[in-house]
Every structure is written in structure tokens, then in C-alpha cells.
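Everything on this sheet refers to the single structure shown next.
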Amino acid sequence: MRVGIVGLSQVGKTTIFSLLTGMEVDLFSEEHEKGIAKVHDPRVDVLAKMFEPKKVTYATLEFYDTPALKINDKKERMAVFSALQLAESLMIVVRAFENDAVSYPEVEKPVEQLKATLDEFLFRDLDVVTSRIERLENAKRKLEMKEEIELKLLKRLEEALGNEQLLSKIELTDEEKKMLGGFSLATLKPIAVVVNVDEEQFSNKDYETKAEIVELCKKNDFAYVELCGKLEMELNSLSEEERMELLKDLGTEETGIQRLSRALYNQFGLISFFTVGKDEVRAWTLKKGSTALDAAGTIHTDLARGFIKAEIIKYDDLIRLGSEKAVKDAGLMLLVGKDHVIEDGDVINIRFNV
Ligand SMILES: Nc1nc2c(ncn2[C@@H]2O[C@H](COP(=O)(O)OP(=O)(O)OP(=O)(O)O)[C@@H](O)[C@H]2O)c(=O)[nH]1
Ligand SMILES: [Mg+2]
């Protein structure tokens, strides 16, 4: 899953990008990077302890950092969204942290930043939709049936966007979604909101306009995460032992970045299945609703091509009973065909023949 990081200026986008991906980034550089982040899943650590494999592999997300959006600035907007063309989902960063040494974005109140960012999304989608409508209407030929249908659909979207409605809130058939696939419409993508708080706000669990932001996220089905960029940087610079110590003092077991990667994973409709053994313990990513055949294909095309059956044991059963053999002996291993829907936490072994 490719995630675009977006927001107004100096809100902490690049800082969070760097924390997620572990990449060293020059905050003043004009270059904007992409990078891979591990999705922290404690279950993988538990499985690794059980199997002591040579290699442990976590699920990943890919992130794109972008330049700041400027309010009502079409040129900047185009630059940002061209960097987001391939992003399948968007993470909006909002700044709550107070620090006069860091210049504030054009609007200061966190909820106003979020609204301004969403407005840019709406403007950008409206730009895309209206220019396509114009192209079709000005075509110097009779439109094909397919184009007539597209034009009608686009006009529906134009009206919604004009009413400040996010396209994710509009009922669309699979056919219609497919038709819109090439436009990379921002408000059609799943969205997560990350509020970058300071230490004081972090310990108070509050900041200015929080209630409004939470409400807005709920209303629009955005994931919502609070994170203290500064604290995360500190945690990042510590040894594993010191980190655990500090986290314990903070009353938690995992860093905000670990929490964030998991929240995004859920928000974007992803699940993990596991493969286990002496060589490797590995988490793999699937969209919710995927089948055993999809799982096989994710591991290797050969496994999909030669698919016979999938053996599935539930993560919880494996942990409770202590070994694959014990799960089998208890009659809890499932043997399923290619259409079986995979659930989060399934431990899978594909039987295949090529
Ligand atoms: N005090 C404090 N400073 C932060 C925090 N997060 C980021 N900063 C600082 O804020 C400044 C801007 O951070 P960046 O990560 O570059 O923000 P950005 O959104 O990428 O900025 P632009 O790309 O220029 O729009 C840097 O000096 C960071 O060190 C935080 O949680 N607390
Ligand atoms: Mg930046």
C-alpha cells in the first residue's frame, strides 16, 4: 500500500516520514523522497520467538513525502498532487505542537489546518473533474456511449465537490469506481489524520480544537492518531533497552510510530497472514476479503499457479497450544480451497504442485 503524506507547511511531514521509514532526511532539502516502513506487529515477534528463524520479515507500507500545500495556491497544489499520483491512500499531518522557533502554517488552529487541507483536496478533485468534463464537451465529434456515461458521472461528482462533499461519501458502483481509477482523485482515497502534538499536549491528551478534529474524523471515517514528533525522535535515538525503559515510564509498550503504522494498516483495509518455519517468519499483506489463492499469489506466482489446498491455523491456537503439530492433533487445522476467505492472523501453508 502506498501512502502519501500531506499537509500545510512546517507541520512535521518530513519528520514523520523519516521516523516511519528510518531514512535520514534533510529537512531543508527540496527533494521529496519515498521510502518503506515496517508495520510493527507484536505477533511477528511472538512467532519469531517460537520458531527462531534465520530471518524475520515484517509487513510494510510505502510512504511518499510531499512539499507543503499552500492555501489557495494552484501551482503548489499541482506539485503536491503530482507527487501523489501513485498514492493509494493519504495521511494528513496537522500541527498542534507549540513552538515559536518553528514558523507556523498559514492557519494556526489545528482544526483550521485540517479543513484547509481538505479544501485543497476538494479543489484539486474539482480541477480534475471539470477539465475532463470540458474535454468531453468540447470534443469535435459525437461521444461514444462509454464517454456519455462518464460525462454523466463526472457531472454528478462536480456537483458533489461544489457542495464540499468528499467523493468517498458518494455511492459509486464498482463499474463507476473503475471508470474513475485513472484520475487519482484525492477525496476518493482512504484518509488518516495524524496530529503532531508537543510533550505537554501528549501527557494532557489534549490540544486546542481537539474535539472538533475528532468529530470531523468520525464523520468522514478518517483514522485519527496523535503523535509527538519530538518524543518519537528521542525514542528513536535511544538503545532498545533505554527505549523500553522510557516507554514504560510513559505507560505504554510501543512507540507512536509503531501505533501509527498499525492504525494506517487497519484504516486502509489491510490484514496480515503469516508464514512460519525455521528459515523465515514473515507477515504478508492482503486486502480484507482476499482468498487463499490471493494469499498464494502474494507469496509467489508459482504457488498460485500450482495451488492445490491451503493449510490454515489460527495465530491464537498456535500460541495457545504451542506448536503446529499440537494444533493439528487438536483437529484445529483447516484444509481449504482457493476461494476460502483469509482472516487477519491466519498462519498459512500452501500445498502446491508445479
Ligand atoms: N517542537 C517540535 N518541533 C517539531 C516537531 N515535529 C517537527 N518539528 C520541527 O518542525 C520543523 C518542521 O518539521 P518538518 O518535518 O520539516 O515539517 P514539514 O511539514 O516537512 O515542513 P515543510 O516540508 O517545510 O512543509 C523542524 O524544525 C522540526 O524539527 C514536534 O513534534 N515538536
Ligand atoms: Mg517537509
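To the nearest 20 debye, what charge dipole does the stretch 136-228 have about its Cα centre, counting +1 at the Cβ of each Lys and Arg and -1 at the Cβ of each Asp and Glu?
640 debye
Each residue of the stretch 165-181 in order: what ³J(HN,Hα) in whole Hz does its phi give by Karplus 6.51 cos²θ - 1.76 cosθ + 1.60, θ = phi - 60°, with x for Gly and Pro?
9, 6, 5, 5, 8, 9, 6, 10, 6, 4, 4, 5, 4, 5, 4, 8, x
With point charges of +1 on the Cβ of Lys and Arg and -1 on the Cβ of Asp and Glu, referenced to the Cα centre of the stretch 214-331, which listed residue (Ala296, Thr255, Val214) lies farthest in the positive direction of the dipole?
After comparing all options, I get Ala296.
Separation of the stretch 220-289 and the stretch 169-201 by C-alpha centroid, Å?
For the stretch 220-289 versus the stretch 169-201, the Cα centre distance is 22 Å.
Out of residues 5 or more away from Gly4 or on other chains, whose amide H comes under 5 Å of its own, with H placed 1.01 Å from N in the peptide plane?
Hits under the 5 Å cutoff: Tyr64, Glu88, Ser89, Leu90, Met91.
Taking the highest mean first, how do the peptides 165-173, 83-91, 1-9 order by number of other beta carbon atoms within 10 angstrom per residue?
Going from most to least packed, we get 1-9, 83-91, 165-173.
Please report the net charge: other residues with Cβ closer than 15 Å to the Cβ of Met23, K and R +1, D and E -1.
Local net charge: -4.
How large, in Å, is the stretch 15-138 by the Kirkwood hydrodynamic radius built from its alpha-carbon pairs?
Its Kirkwood hydrodynamic radius stands at 17.6 Å.
Using amide H atoms built 1.01 Å from N in the peptide plane, name the residues 5+ places from Glu280, or on other chains, whose amide H lies under 5 Å from its own.
Those lying under 5 Å, H to H, from Glu280 are Lys54, Lys55.
Sort the following peptides by mean Cβ neighbour count (other Cβ atoms within 10 Å, averaged over residues), highest first: 312-325, 18-31.
312-325, 18-31
Please give me, ordered by residue number, the trypsin sites (Lys or Arg not before Pro) of the stretch 15-62 that lie in loop per DSSP and have at most 10 other Cβ atoms within 10 Å.
The qualifying sites are Lys54.
In whole Hz, what ³J(HN,Hα) sequence does the stretch 266-277 give by Karplus (6.51, -1.76, 1.60; θ = phi - 60°), x for Gly and Pro?
Working through the residues one at a time gives 5, 4, 8, x, 9, 10, 10, 10, 10, 10, 10, x Hz.
How would you classify the chain from its alpha-carbon gyration tensor, with a ≥ b ≥ c the square roots of the eigenvalues: rounded for a/c under 1.5, else prolate if a/b is greater than b/c, otherwise oblate?
Cα axes put the chain in the oblate bin.
What does the charge count near Glu234 come to, summing +1 for each Lys or Arg and -1 for each Asp or Glu among other residues with Cβ under 13 Å from its Cβ?
With Lys, Arg at +1 and Asp, Glu at -1, the neighbours total -4.
Calculate the dipole size of the stretch 220-354 relative to its Cα centre from +1 charges on Lys and Arg beta carbons and -1 charges on Asp and Glu beta carbons; express the result in debye to the nearest 20.
My answer is approximately 700 debye.
Could you tell me the center-to-center distance, by alpha carbons, between the stretch 121-151 and the stretch 23-54 in angstrom?
41 Å
Per residue of the chain, what 222 nm ellipticity follows from adding -39500 (n - 2.57) for every DSSP H run with n ≥ 4, rounded to the nearest 500?
The per-residue figure over the chain is -13000 deg cm²/dmol.
For Ser290, list long-range residues whose amide hydrogen, built 1.01 Å from N in the peptide plane, is under 5 Å from its own amide hydrogen.
Correct list: Ile342.
Which value does Rg/Rh take for the stretch 289-352 over its C-alpha atoms, Rh per Kirkwood?
Rg/Rh: 0.99.
Give me the net charge for the shell around Lys328: Cβ to Cβ below 12 angstrom, other residues only, Lys and Arg +1, Asp and Glu -1.
Result for the local shell: -3.
So if I place +1 on the C-beta of Lys and Arg and -1 on the C-beta of Asp and Glu, and nothing else carries charge, what would the dipole magnitude of the stretch 289-352 be about its Cα centre? I want it in debye, nearest 20.
The calculation lands at about 240 debye.
Every number in this text was worked out from the coordinates using simple rules, so none of it is lab data. Worth saying up front: this structure is predicted, and the values here are computed from it rather than measured. Cβ atoms come from the backbone with ideal geometry, glycine included; neighbour counts cover every protein chain shown.
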